[in-house]
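If you scroll down you'll find the structure; I have some questions about it.
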Amino acid sequence: MKLVVVSAGLSSPSSTRLLADRLTAATLHRVDAEVEVIELRDLATEIAQHFVTGFPQARLAAALDAVAAADGLIAVTPVFAASYSGLFKSFFDVIDKDALTGKPVLVAATGGTARHSLVTEHALRPLFTYLRALVLPTAVYAASEDWGEEGLAARITRAGGELARFMGPTVADAGPDVDTAAAIAPRSLTGAITSVDPADGFQVVPFEQRLAALRPAD
């Protein structure tokens, strides 16, 4: 099992890489996987040359192959001009159009203010949906003031747990009778996919039952 982490941070160290590392740790807490981290700042020149030549050089080709072969992907970008960075977008512009089809992807972003917190929904999620990836329900945004707060830690834990479940082999030790599809994509009683882990004891009440409870007694 392979987990690939794409970080578009430009500085070293960077808050983008820090968020990527914390999301990786949260995922590995639930699933055993080999991790490969791709720092896009190290590939910036090769990405630009790819647009001109149409052919990736060795390091970029290896990074593209790693993403295509991954069982799960964590993609983290800093916010630039209220969206993902140009470097981040350029990398996913040169990737094969079928490389992410059906692949579980955890999207995340960092920024200096909470005003950009919806960047994961209006920019990142549509991008990976267009690439036909399976974008996880929980996206994580970290503003400068979020670091050290319990809310960020809780979102990271939840997102990492979702990615671990969607990658699949978390059920490997449960025996041959386990419904792997249900473990990868937990479903509610109505069949809808949900991010809630049934093992946590959470019970979904069907809408019809809730509606019946509102009707006046005869």
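Test of understanding: among THR129, THR77, THR101, THR113, which residue is in contact with a helix residue (DSSP H, G or I) (Cβ under 9 Å, 6 or more places away or on another chain), among the polar types (S, T, N, Q) and within 19 Å of LEU163 (Cα to Cα)?
Selected residue: THR77, the only one of THR129, THR77, THR101, THR113 that is in contact with a helix residue (DSSP H, G or I) (Cβ under 9 Å, 6 or more places away or on another chain), among the polar types (S, T, N, Q) and within 19 Å of LEU163 (Cα to Cα).
Something else now. Just the residues that are of a type outside the set (A, V, I, L, M) and touching a residue at least 60 places away in the same chain (Cβ under 8 Å), please, taken from the stretch 68-104.
ASP71, GLY72, THR77, PRO78, TYR84, SER85, PHE88, PHE91, PRO104 - these are the residues of the stretch 68-104 that are of a type outside the set (A, V, I, L, M) and touching a residue at least 60 places away in the same chain (Cβ under 8 Å).
What are the residue pairs meeting all of these: first residue in the stretch 117-141, first residue open to solvent by less than 20 Å² (accessible area, probe 1.4 Å), second residue part of a loop (DSSP other than H, G, I, E, B) and among the hydrophobic types (A, V, I, L, M, F, W, C), Cβ atoms under 6 Å, and 6 or more apart or on different chains?
Note: pairs meeting the criteria are THR120/ALA139; LEU131/LEU100; ALA133/LEU100.
Give the residue, chosen from ALA99, ALA159, ALA68, ALA75, that is part of a strand (DSSP E or B), under 16 Å from the mean Cα position of the chain (by Cα) and either of a type in the set (Asp, Glu) or under 28 Å from GLU34 (Cα atoms) (or both).
ALA75
Now for a different question. Go through SER83, SER14 for me and flag whichever is polar (S, T, N, Q) and over 22 Å from LEU163 (Cβ atoms).
Exactly one of SER83, SER14 is polar (S, T, N, Q) and over 22 Å from LEU163 (Cβ atoms), namely SER83.
Another one. In the set LEU163, LEU152, LEU131, LEU124, which member is out of contact with any Lys or Arg (no Cβ under 9 Å at 6 or more places or on another chain) and at pLDDT 90 or above?
Testing whether each residue is out of contact with any Lys or Arg (no Cβ under 9 Å at 6 or more places or on another chain) and at pLDDT 90 or above leaves just LEU124.
For the stretch 9-30, does any single residue satisfy the condition of being modelled with pLDDT of 95 or more, assigned to a strand (DSSP E or B), surrounded by fewer than 19 Cβ atoms within 10 Å (Cβ to Cβ) and not small (Gly, Ala, Ser)?
no
Residues of the stretch 142-152 being in contact (Cβ under 8 Å) with a residue 60 or more places away in the chain and under 14 Å from ASP21 (Cα atoms), which ones? So that I can check it myself, show each step before the final result.
In the first step, residues of the stretch 142-152 are kept if they are in contact (Cβ under 8 Å) with a residue 60 or more places away in the chain; the result is 142, 144, 147.
ALA142, TRP147, listed by residue number.
Is it the case that the stretch 79-90 has a residue that's surrounded by fewer than 19 Cβ atoms within 10 Å (Cβ to Cβ) and more than 20 Å from ARG41 (Cα to Cα)?
no
Do the conditions hold for LEU60, that is, is it open to solvent by less than 20 Å² (accessible area, probe 1.4 Å), in contact with a Lys or Arg (Cβ under 7 Å, 6 or more places away or on another chain), farther than 25 Å from PHE166 by Cα and assigned to a helix (DSSP H, G or I)?
No: the conditions fail for LEU60.
The values are calculated or read from the model by the stated rules, or taken from the named source; none is laboratory data. Just so it is clear, the structure is predicted and the values come from calculations on it, not from any experiment. Don't worry about glycine lacking a Cβ; one is built from the backbone with ideal geometry, like all the others, and counts go over all protein chains shown. Keep in mind that these areas ignore ligands, DNA and RNA; they rest on the heavy atoms of the full protein, side chains included. Shrake-Rupley method; radii C 1.70, N 1.55, O 1.52, S 1.80 Å.
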